[in-house]
Amino acid sequence: MELVTPSIGLIVWQTLAFLLLVFLLGKFAWKPVLSAIKERERSIDDALEAAKKAKEEMARLTNENEALLKEARAERDVILKEAKQLKDQIVSDAKASAQAEGAKLIEKAKQEIDSQKAAALAEVKNQVAELSLQIAEKVLSKQLEDQKKQEALVSDLLKEVKL
Amino acid sequence: MDFSHIFNSRKIGITALVAVLFNFLTLLAQANPETDTTKIAADTTHQEATAGHEAAATEKKDQPFDTGAFILHHIADAHDFHFWGEGEHSVGLPLPIILWTDKGLVTFMSSAFHHDDEGKHVVDANGQRFVKLHEKIYYASATPNEHGAYVEVNEKHEAKNAKPLDFSITKNVFSLLVSVTILLVVFIGVARGYKKRAGQSPKGFQSLIEPVILFVRDDIAKPNLGYKYEKFMPYLLSVFFFIWFNNLLGLVPFFPGGANVTGNIAVTMVLALCTFLITTFSGNKYYWKHIFMPPVPWWMYPVMVPVEIVGIFTKPIALMIRLFANITAGHILMLSLICLIFIFKNLAIAPIAVPFAVFISLIELLVAFIQAFIFTILSALFIGMAIEEHHDH
């Protein structure tokens, strides 16, 4: 029975000591400790949040960069394509004009050749005629030196001519 | 973010550490009672042989060892802190005795009784005469009775003398003050660590305590009290560490431990009363409405309202008895196992009794924590029930 009978002295001392403990610890220990823990948790949360944000920002930037790169690449492709087209056109144009020019030149050359040929032929003809005349003159003069021969010729010629 | 697995593992680590530490202490302590008790036995036989207080001595010698009285004496409060030795040869720390008598305050040291607990040594102080019988102080009778004690006893061997109000610094009060001082020094030191290392990770003792504080906050206060938990944190933390530390201190069998502080009904009564007062004064209208207008048909009120009103008081009473009974039972168990040696009057029992006692003290380490936890979580639960806001009823 004595075991379950609280003694007044211990009740008083326990009340005093415990209330003092709660008061002093509450004021000097729990308050700073709990606020420090809370503060630290908040700062950890903030840091994690900031890290998350930074990560997101990073991802966003990376995406942006990629998009930019893609765009640039596409643009480059377009430019290259255009350039190629232009080059092809220029080359084909050049080819065409060269061909035309060449054809023209050939035509001109042909005409020149033709005209030169004609001129040359004409000259050759003239010379041949002249030479023929000279030869004929010389032959005739030679032939006609003697009378007899002249007569023979005339007779020959006459023989040829059939009346 | 869920960090609970980290705290859990740290908690386990700390529990293991504390267990190992106290196991070591208890092992040391196990060695002591053995030597002490053999010495006591030797002392008593020596005393009996030489002094030859014929009747008393032979009576004492013939009587079997009174385990019950021995254990109850050890778990009860005392007016001095006994270290070793028996009777006149005992060595201990005398503690101040503070009495509020009919003629005002009287103080003297417990050593004035010369280790007498039978009411045989009268102390004169401030013109009044006092005797100590079974750790209670009485006004001494004018003449001794047939046993030489200055008290009158009734048929049940209870003293009939008047008692002054006893506000002495008893063994329990002394232990209480020691533990409160240690708790203050430790936790204010820890708090200083937080100030010094603001915003940084905990270090040293701080990191040992912090998981426990977080445990009280996250596993006891928050689930039971909701968002209003912060207001009750100082009380819950104080009560948790007070009970835990005193439970552990009670397991240390030598000075300054060994006192059965949390196993004393006066101590648990004050703690339960604190919970009761906080619950009652922070109860909101829903709490009181639930008690006086419970959600049952009106014709049930004559039954339900008294039940609810009784419920207000049974909850703290259960708190008080649970802590007291658990801790006292632990102490009784430990002492019983050690007493086996004296019951069998054979030191050969020690190899069985001592390992058992070690085993039980390991369990008691667990109980020390669990009881602190249960007291705190039930306090939080009762307060949480009182401040809970429900709009559906």
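The values are calculated or read from the model by the stated rules, or taken from the named source; none is laboratory data. Keep in mind it's a predicted model, so treat the numbers as computed, not measured. So basically every Cβ, Gly included, is an ideal-geometry build from the backbone, and we count neighbours across all protein chains shown. Areas reflect the complete protein model, heavy atoms only, side chains present, ligands, DNA and RNA absent. Shrake-Rupley method; radii C 1.70, N 1.55, O 1.52, S 1.80 Å.
Data for the structure
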item	result
Proximal lysines relative to A:Lys95, as straight alpha-carbon distance under 22 Å, when same-chain residues fewer than 8 apart are discounted	A:Lys81, A:Lys84, A:Lys87, A:Lys104, A:Lys108, A:Lys110
Nearest-20 debye value, the range B:96-168 charge dipole, Cβ charges on Lys, Arg, Asp, Glu	200
Rounded Å value of the spacing that divides the Cα centres of the range A:92-163 and the range B:250-319	151
Separation between Cα centres of the range B:342-393 and the range B:156-196, rounded to whole Å	21
Charge tally in the Cβ shell below 10 Å around B:Leu93, where Lys, Arg are +1 and Asp, Glu are -1, B:Leu93 excluded	0
Within straight-line cross-link reach of A:Lys31, lysines at Cα separation under 17 Å, skipping those fewer than 8 residues along the same chain	B:Lys195, B:Lys196, B:Lys222, B:Lys228, B:Lys231
Portion, in percent, of the accessible area of the range A:1-153 that falls on carbon or sulfur, probe 1.4 Å	62
Cubic angstrom per residue, convex hull over Cα atoms of the range A:31-149	97
Listed residues A:Ile11, A:Ile79, A:Ile44, most fluctuating in chain A (Gaussian network, C-alpha, under 10 Å)	A:Ile11
Heavy-atom accessible area, 1.4 Å probe, ligands and nucleic acids excluded: residues of the range B:214-236 down by at least 40 Å² from chain alone	B:Arg217, B:Pro234
Residue-level accessible surface for B:Arg192, protein heavy atoms, 1.4 Å, Å²	150
Derived scalar couplings ³J(HN,Hα) [the range B:323-336; Karplus, 6.51 cos²θ - 1.76 cosθ + 1.60; whole Hz; x for Gly, Pro]	5, 4, 5, 5, 6, 4, 4, x, 5, 4, 4, 4, 5, 4
Amide H contacts of B:Arg129 (H built 1.01 Å from N, under 5 Å, at least 5 apart or other chain)	B:Ala140
Within chain A, helix-based [θ] at 222 nm, where runs of 4 or more DSSP H residues each add -39,500 (n - 2.57), nearest 500	-33500 deg cm²/dmol
Estimated FRET transfer efficiency when R0 is 45 angstrom, pair A:Leu153-A:Lys95 (beta carbons, to 0.05)	0.05
Under Karplus coefficients 6.51, -1.76 and 1.60, residue-wise ³J(HN,Hα) of the range B:142-155 in Hz, glycine/proline x	5, 10, x, 7, 5, 8, x, 9, 8, 9, 9, 10, 8, 4
Probe 1.4 Å, accessible area per residue of the range B:128-275, Å²	41
Under-5 Å amide H pairs with B:Met109, H placed in peptide plane, nonlocal only	B:Ile97
Size descriptor, Kirkwood hydrodynamic radius, that averages inverse alpha-carbon separations across the range B:96-168, Å	12.2
Whole-Hz couplings from phi, Karplus 6.51/-1.76/1.60, listed for the range B:215-231; x for Gly and Pro	4, 5, 6, 7, 9, 10, 6, 4, x, 9, 9, x, 6, 8, 5, 4, 4
Cleavage-rule hits, trypsin sites (Lys or Arg not before Pro), the range B:69-159, DSSP coil, Cβ neighbours within 10 Å at most 11	B:Lys103, B:Lys156
Accessible area that becomes buried as A packs against B, both chains, 1.4 Å probe, Å², nearest 100	3700
Distant-in-sequence amide H partners of B:Leu93 (H built 1.01 Å from N, under 5 Å)	B:Phe81, B:His82, B:Phe83
Percent accessible area from carbon and sulfur atoms, the range B:96-168, protein chains only, probe 1.4 Å	52
Set of lysines near B:Lys163 by C-alpha distance (under 23 Å), chain-local residues within fewer than 8 positions excluded	B:Lys103, B:Lys120, B:Lys132, B:Lys136, B:Lys171
Given charges at Cβ of Lys, Arg, Asp, Glu: the range A:1-146 dipole, positive-most of A:Val78, A:Ser115, A:Phe23	A:Phe23
Summed residue charge, Cβ within 15 Å of B:Lys156's Cβ, Lys/Arg positive, Asp/Glu negative	-2
